Structure formats: structure tokens, C-alpha cells
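Data block below; observations after.
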């Protein structure tokens, strides 16, 4: 089964959007005692909220996950080892992050890092792991979900999930503030793009007409929800009463559908772009290391900020309050450093990563267990270099 390079490009964009978005909206302010506290530029600069529509790419994340899981399941015909391999390739990097993070926190405590900084570091390091719950469940139920899409069609399968999210949104607005609701929308909302990915893998979303309908329908729904008073930001804003992401709202679902439609419309352009050597290699590397990129990008942000803060000087865009356009510009200047550290860490992780028994030489290197965030393809390569994120 040949690789779908356009899906590879969408997956790389999804991972890049998550990383860049977090690095831009996570301000770490240096206090007088040397501790770091978290702040967001979206609080002081609400006009930046529409930018989150481009950088909040979790919908594409789960769409490519659904596509890849369906392709892989079809390739292996649902053999008994398929699910175990998929889950292992997802869980092992997460366990590695937890182990390394625990060691780093212990070392930081011994070194006298302030408690505020440790609390922020722990929160930001662990927060990306939330995606494990829905993704593990979706991967485990790929077979039944794929059969349901084949039998009833994607619209009938998606409709109940959308209804659950709509009911939760209504409850949030009608119930007293502070009323706890079960986190059902975390599953329902991200099931929508996952099911679209399953459908696309079966050829049910082929053609510009379907892609255009998804993009236009999602965009119209976005506009209607904004008119109804939904927050403009696609991510949470500290101090805001309602978030579109925690828990995911109808706006998050509409944004995901819009991104999927636009991504499918861009397929010809993406294929032409990836035919060039440099973009093709870049997308391949992001795909191959996607889980490590996703899991380690927040610890890198905290580590770089905390280490530089040891000098006792608050540097613009790194330790200062994110309350002006100047902070955003200064933060952009720090992004290459974050990226360089992340690339170094990811490459080091690959060199020390798990290999199959007898995995010496080139064969062992090609079989390295580097999971994908979407768990899209199996670990055997065919055609262009394999993606794993």
C-alpha cells in the first residue's frame, strides 16, 4: 500500500501547529524570587485570537490518526499483534517522558529551583499527555468504528458525537458556574475528525466537491457559533469563563472539520510541494519523530527558560510579561533556540531508542521504535521514507 504524502504533510503541519502554538501562547514570567509563573499573551492581546484558528491543529492530528489506523488495520487484516504494536509504539515514548521528567524534577529540586518553577514545569510537561486517553480508545476501537462507517456512512456516525458536544455546550451555559460535567466531549469532539480520517482512508471523502463541502460547511458553522457568542480563541485564555478547548466545544469541532476540508482541497499543492527534496525531507523527519516532538516541546520551553533565568536577568520574550506586541516579536526571536534544543533532544532520543532484537545495522535502524502521534503506518517502510507522531 503506497504512502499518501499529502496526509504526511497534513500530519507534519498538525504537529508543527501544536508546537508553535504552545511556544507562542505560553509566557513564563520571572518573579523577584527567581520563580516562574505562567501567563498568556491572549489575555492582554485578544486581537491575536484568530491566529489560534491556524495553530490549534488537533483536528488534523486526529484526522490523520484515523486515516493511518484504518490503512494499517487493512494492511494487517486486524491480526492479534496489530493493536499491541500500535499501543506499544504510543505508550513507550510517554513512559520515557515520565521517567526522564521525574529525574529532571528531582535534580531541579536538589539544585534549589523555586517551587513555583517546578509546579509550572510539571504542569506543562504532563499536559500534552491528555491526548493519550482519546487516542488509545480510538485506536483500540478502530475496527468497529471502521465497520460502522462502512455500514452507515460517515455522516450518521458523526452526528451522535456532534449532538453530545452540543448538549454539553448547552449545559455549560445553563448550569451554575462551577458545575462539574463528565469529560465526555473530549471523546465526542475528537471522534469527529478521527471518523473523517477513517472515511477518507476508505475513499469516502475523495473529490474536490466533498472537500469543499467540508471546508465551507465548517466555516459557516464557525461564523454562526461566533455570532452566538462563542469565544473567538480556539484555545483557552486564562481568566475567561468559557474555553473552546477545555473541554472542546462545537467551535473546536467546526474548526476541525474546516481544517480537514481545506487540507483535502490543498492535496494537489501539497503533493507538488513534497516532490521537492527539501520540503519532502523535512516532512519525513517530522513524521518519523512526531511523538517525541509532541511530548518534548513543552519541557524544552520550560528548561530553556528556567536555565537562562538562573542568570537573574529577565529577558524580553522569555521572562517578561506577555502584554504587548513587542513580547510576541521577542518570543519569535527565541523560537530558533527552542527548535534547535528540541531537534537535538529528539535526535539523541532516536540514537538511544529501542531497537528490535537483532536490530544491528541498517535493518535495525529502520526498525527503530519511533511512534507517530497518529500511529498511522506500521514500522515497515515502503516507497518514500516512512513516517511513524
**Complete:** Helix-only [θ] at 222 nm, the chain, -39500 (n - 2.57) per DSSP H run of 4+, per residue, nearest 500, equals -22000 deg cm²/dmol
**Request:** Using R₀ = 25 Å, calculate the FRET efficiency as 1/(1 + (r/R₀)^6) where r is the Cβ-Cβ separation of residue 272 and residue 54; round to 0.05.
**Result:** 0.70
**Length released on extending from residue 109 to residue 337, taking residue separation times 0.36 nm less the Cα-Cα span** = 79.6 nm
**Message:** Between segment 277-308 and segment 147-219, what is the separation of their alpha carbon centroids in Å?
**Reply:** 29 Å
**Message:** Based only on other Cβ atoms within 10 Å, what is the fewest-to-most ordering of 33, 323?
**Reply:** 33, 323
**Request:** Sort 26, 52 so that the residue with the fewest other Cβ atoms within 10 Å of its own Cβ comes first and the one with the most comes last.
**Result:** 26, 52
**Message:** Can you order the peptides 249-255, 229-235 by their average number of other Cβ atoms within 10 Å per residue, highest first?
**Reply:** 249-255, 229-235
**Prompt:** Would you list 337, 342 from fewest to most Cβ contacts within 10 Å?
**Reply:** 337, 342
**Complete:** Taking 0.36 nm per residue of separation between residue 308 and residue 213 and subtracting their Cα-Cα distance, the length gained on full extension comes to 29.3 nm
**Request:** Figure the gain on full extension for residue 224 and residue 152 (residue separation times 0.36 nm, minus the Cα-Cα span) and round it to one decimal in nm.
**Result:** 23.1 nm
**Message:** Over 10 Å intervals from 0, what percent of Cα-Cα pairs in segment 83-151 sits in each interval?
**Reply:** 17, 36, 23, 15, 7, 2
**Message:** Let's test the formula: R0 of 41 Å, r as the Cβ-Cβ distance of residue 102 and residue 75. What FRET efficiency results, to the nearest 0.05?
**Reply:** 0.65
**Message:** Could you give me D for segment 233-306, from Stokes-Einstein at 37 °C and 0.692 mPa s, where the hydrodynamic radius is the Kirkwood radius over C-alpha pairs? Units µm² s⁻¹, please.
**Reply:** 211 µm²/s
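Every number here is computed from the coordinates shown, using simple stated rules; none is lab data. What you are looking at is a predicted structure, and each value in this text was computed from that prediction instead of being measured. Reconstructed Cβ throughout: ideal geometry from the backbone, glycine too, with neighbour counts over all protein chains shown.
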